[in-house]
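Engineer: Have a look at this one.
The values are calculated or read from the model by the stated rules, or taken from the named source; none is laboratory data. It should be emphasised that the depicted structure is a prediction, and the values quoted were computed from it without experimental measurement. Glycine gets a Cβ as well: all are built from the backbone with ideal geometry, and neighbour counts include every protein chain shown. Heavy atoms of the whole protein, side chains included, go into the accessibility calculation; ligands, DNA and RNA do not. Shrake-Rupley method; radii C 1.70, N 1.55, O 1.52, S 1.80 Å.
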Amino acid sequence: MEYYQAIPVNYNGINYKSKLEAKYRVFFDVLFEGTNAHAVYEPNTFFLEYGMRYTPDFAIYGVKWRGFNSSYYTGKSGEPIYVEVKGRDRYSD
């Protein structure tokens, strides 16, 4: 099995852990241009059971999205939508 090393990237003065995360940031910047929506990189850390921690890659604020029942979801009182960026797993036979 091959393992790929993440390549750190600096974009707009923020150090991203991988090129893929930086590409997502560029995508969010273009997508949200001219709107009140914005993305924040690694916004906070959640402390879980057994001493585990989780830090989402992005939090998206100010976005409305259509749910499964065709109604819009905006989050409760401005809650963000969390986004986790994952690369594609590559397996060799």
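Engineer: Which count do you get for residues in the range 23-41 that are farther than 11 Å from D57 by Cβ and open to solvent by less than 80 Å² (accessible area, probe 1.4 Å)?
Structural biologist: Taking the range 23-41 as the starting set, the residues that turn out to be farther than 11 Å from D57 by Cβ are 23, 26-27, 29-38.
Right, trim to open to solvent by less than 80 Å² (accessible area, probe 1.4 Å) and you get 26, 29, 32, 35, 37.
Residues meeting the conditions: 5.
Engineer: Anything in the range 17-51 that is of a type in the set (S, T, N, Q) and either at positive phi or touching a residue at least 12 places away in the same chain (Cβ under 8 Å) (or both)? List them, or say none. Break it down into steps so the answer makes sense when it comes.
Structural biologist: So the first thing to find is which residues in the range 17-51 are of a type in the set (S, T, N, Q), and the list is 18, 35-36, 44-45.
Once the filter is applied, which keeps residues that are of a type in the set (S, T, N, Q) and either at positive phi or touching a residue at least 12 places away in the same chain (Cβ under 8 Å) (or both), the range 17-51 yields S18, T35, N36, N44.
Every residue, every condition in (1) open to solvent by less than 50 Å² (accessible area, probe 1.4 Å); (2) more than 18 Å from the chain's Cα centre (by Cα); (3) among the acidic types (D, E); (4) at pLDDT below 60, yes or no:
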position: P43; (1), (2), (3), (4): yes, no, no, no
position: Y50; (1), (2), (3), (4): no, yes, no, no
position: D57; (1), (2), (3), (4): yes, no, yes, no
position: F68; (1), (2), (3), (4): no, yes, no, yes
position: Y82; (1), (2), (3), (4): no, no, no, no
position: G87; (1), (2), (3), (4): no, no, no, no
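Engineer: What are the residues in the range 11-43 that are of a type in the set (S, T, N, Q) and part of a strand (DSSP E or B), if any?
Structural biologist: Going residue by residue through the range 11-43, those that are of a type in the set (S, T, N, Q) are 12, 15, 18, 35-36.
Scanning the range 11-43 gives a single hit, N15.
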